[in-house]
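The values are calculated or read from the model by the stated rules, or taken from the named source; none is laboratory data. Here the structure is a predicted model, which means the values were calculated and not measured. For neighbour counting, all protein chains shown are included, and Cβ atoms are generated from backbone atoms with ideal geometry for every residue, glycine included. Just the protein is used for accessible areas: all its heavy atoms, side chains included, with ligands, DNA and RNA removed. Shrake-Rupley method; radii C 1.70, N 1.55, O 1.52, S 1.80 Å.
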Amino acid sequence: MSTVKMILRWIRRIISFRKIRWPFIEGYLTDIVEVFHEARNLYFEDVLPKLTTKMSYDEVDKILQSEIPANVEVGALLMDDSYYIPSKALFEAVDRTGVQKFLEYRKDVFDCDDFAWAFKAYASEAFLLNSVGFVVGKVRMPNGEEGLHAWNIALVEEHGKTVVYTVEPQTDVYSKGLFTTIDGWEYQPMLIIM
C-alpha cells in the first residue's frame with residue numbers, strides 16, 4: 001500500500017473515530033506505526049543523503065586524530081564502516097529535539113554517562129545519524145577541581161568542511177572542538193566511541 005493511500009485511510013478512520021469501540025484502536029495504532037516506518041524509509045533513502053555527507057571510517061579517523069594534540073593520547077573506537085555527517089542545520093534539529101530534554105538527573109543512577117548514551121542513541125534512532133560519539137574523559141571545573149565525566153561529540157558539516165563539536169547533553173550546550181571549554185568547564189577526552 002502506498003504511503004498516500006495509507007495516510008488517507010488513517011485520516012478516514014480518525015474522522016469516524018467517535019463511531020468505533022476501543023478494541024479497534026489497535027488498527028489505528030498499527031496504521032500509525034506503518035506510516036511512521038514508511039516515512040522513516042523515505043527519509044533514509046531520499047532526505048538523509050541530501051542533508052548529510054557520507055564519510056569512510058578512515059576519513060572520520062583522520063578528522064578525529066587531527067583534533068588531538070601530539071602529546072595527548074586519546075583512544076578512538078570507530079564502530080562503523082561509513083558515517084553520515086549532518087549539516088549544521090540538521091545537527092541543530094537533533095540537538096534541539098533531543099531526548100535529554102525529557103530526562104532527569106539522578107546521582108549515580110542516571111547521570112552524565114546515561115545522558116551521553118541517551119543522546120547518542122537518540123541521534124542514531126530518530127535521525128539515522130551515526131556521527132555522534134560517546135566520550136569519557138576528564139573535566140576541569142571552574143573551581144579548579146578535576147573529575148571523570150561523560151559527554152558527546154558530533155561531526156558536523158559546516159561551510160563545506162567537517163568539524164568536531166563537543167556536546168554537553170546534560171545542559172544542552174555545544175562548542176566547536178574536541179578539547180574545548182563550555183561554561184568554564186575544560187573538556188579533555190580520553191576515549192571516544194562512535
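Taken per residue, the accessible surface of the stretch 97-194 reaches 47 Å², heavy atoms only and a 1.4 Å probe. With θ taken as phi - 60° and the Karplus curve 6.51 cos²θ - 1.76 cosθ + 1.60 applied, the whole-hertz 3J(HN,Hα) list for the stretch 55-71 is 10, 7, 3, 5, 5, 5, 4, 4, 5, 5, 4, 5, 8, 9, x, 4, 8 Hz, x standing for glycine and proline. Taking a ≥ b ≥ c as the square roots of the eigenvalues of the Cα gyration tensor, the stretch 29-177 is oblate, since a/c reaches 1.5 or more and a/b is not larger than b/c. Listed by chain and number, the aspartates and glutamates whose alpha-carbon sits under 19 Å from that of residue 107, ignoring those within fewer than 8 places in the same chain, are 145, 146, 168, 172.
Cross-link pairs exceeding 19 Å in C-alpha to C-alpha distance, out of 62/138; 50/161; 54/88; 88/120, comprise 62/138. Taking packing as the residue-averaged number of other Cβ atoms within 10 angstrom, the listed peptides 136-146, 87-97 run from highest to lowest as 87-97, 136-146.
Taking all protein chains as they are arranged and a probe of 1.4 Å, the heavy atoms of residue 46 leave approximately 80 Å² accessible to solvent. Protein heavy-atom surface of the stretch 112-194, 1.4 angstrom probe: 55% of the accessible area is carbon and sulfur, with nucleic acids and ligands not counted.
Look at the dipole of the stretch 63-189 built from charges on Cβ: of 159, 135, 119, the Cα furthest out on the positive end belongs to 159.
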